[in-house]
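So the structure is just underneath, and the comments pick up after that.
Coordinate-derived values only; no laboratory data. Please read all numbers here as calculations on a predicted model, not as lab measurements. Here the Cβ is made from the backbone with ideal geometry for all residues, glycine too, and neighbour counts use every protein chain on show.
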There are 2 protein chains.
Amino acid sequence: MDSRQIVGKNVRKLRVERGFSQEQLAFETGLHRTYVSGVERGVRNPTLLVIDRLAKTLKVAPYELLMPE
Amino acid sequence: MDSRQIVGKNVRKLRVERGFSQEQLAFETGLHRTYVSGVERGVRNPTLLVIDRLAKTLKVAPYELLMPE
């Protein structure tokens with residue numbers, strides 16, 4: 001499992017915990033809904049600046065998105 | 001300070017601790033020396049796959065590269 005899969009699982013888990021839909025998370029982070037979907041599935045390869053935006057919306061530190069369970 | 005600066009400081013610190021030059025780290029990770037230099041200065045915006053490669057060479061978990069001091 002590489003960081004794309006780890007981030008994907010963490011983003012999905014946190015998004016659901018926050019009660020966001022993929023559309024809401026995409027809107028809040030300024031990303032496209034299909035891009036957020038790809039991040040959650042681990043098929044996108046986001047940059048650090050995208051990680052920062054997702055972490056800010058999900059109210060965690062960026063490194064927490066890369067932490068395996 | 002965003003994740004680019006945090007990663008840059010951590011990569012530089014770990015590289016020096018491991019006794020690598022920028023050239024050696026670049027060679028080991030398959031990146032260009034000027035790219036590694038840009039990552040260390042926080043002016044590049046690496047993707048998760050680049051973070052994984054740097055972390056592997058530096059023998060840390062990828063999330064550790066994003067941890068502030």
So how far, in whole Å, is the C-alpha centre of segment A:1-66 from the one of segment B:41-69? 18
With a sphere of radius 12 Å drawn around the Cβ of residue B:42, what net charge do the other residues whose Cβ falls strictly inside it have (Lys, Arg +1; Asp, Glu -1)? +3
On the formula 1/(1 + (r/R0)^6), with r taken between the Cβ atoms of residue B:32 and residue A:24 and R0 of 30 Å, the FRET efficiency rounded to 0.05 is 0.15
Give me the dipole magnitude in Debye, nearest 20, for the protein assembly as shown about the Cα centre, with unit charges on the beta carbon: positive for Lys and Arg, negative for Asp and Glu. 140
List, shortest first and in nm to one decimal, how far the label point of residue B:49 (7 Å from Cα along Cα→Cβ) is from its counterparts in the other copies. 2.0
In chain B, what trypsin sites (Lys or Arg not before Pro) fall in a loop by DSSP, with at most 12 other Cβ atoms inside 10 Å? B:59
For chain B, what is the per residue volume of the convex hull drawn over the alpha-carbon atoms, in cubic angstrom? 71
Principal axis dimensions, largest first and in whole angstrom, of the protein assembly as shown by Cα: 46, 28, 23
Give, rounded to the nearest 20 debye, the magnitude of the charge dipole that chain B has about its Cα centre when Lys and Arg contribute +1 at Cβ and Asp and Glu contribute -1 at Cβ. 120
Distances in nm between the label point of residue A:18 (7 Å along Cα→Cβ) and its equivalents in the other copies, shortest first, are 3.2
Mean residue ellipticity (222 nm) of chain A, computed from DSSP H runs ≥ 4 via -39,500 (n - 2.57), nearest 500: -18000 deg cm²/dmol
Could you pull out every one of the aspartates and glutamates with an alpha carbon less than 13 Å from that of residue A:59, ignoring same-chain neighbours closer than 8 positions? A:17, A:28
Peptide A:36-42: average number of partner chain Cβ atoms within 10 Å per residue? 0
Net charge near residue A:27, counting Lys/Arg +1 and Asp/Glu -1 over other residues with Cβ under 14 Å of its Cβ? +3
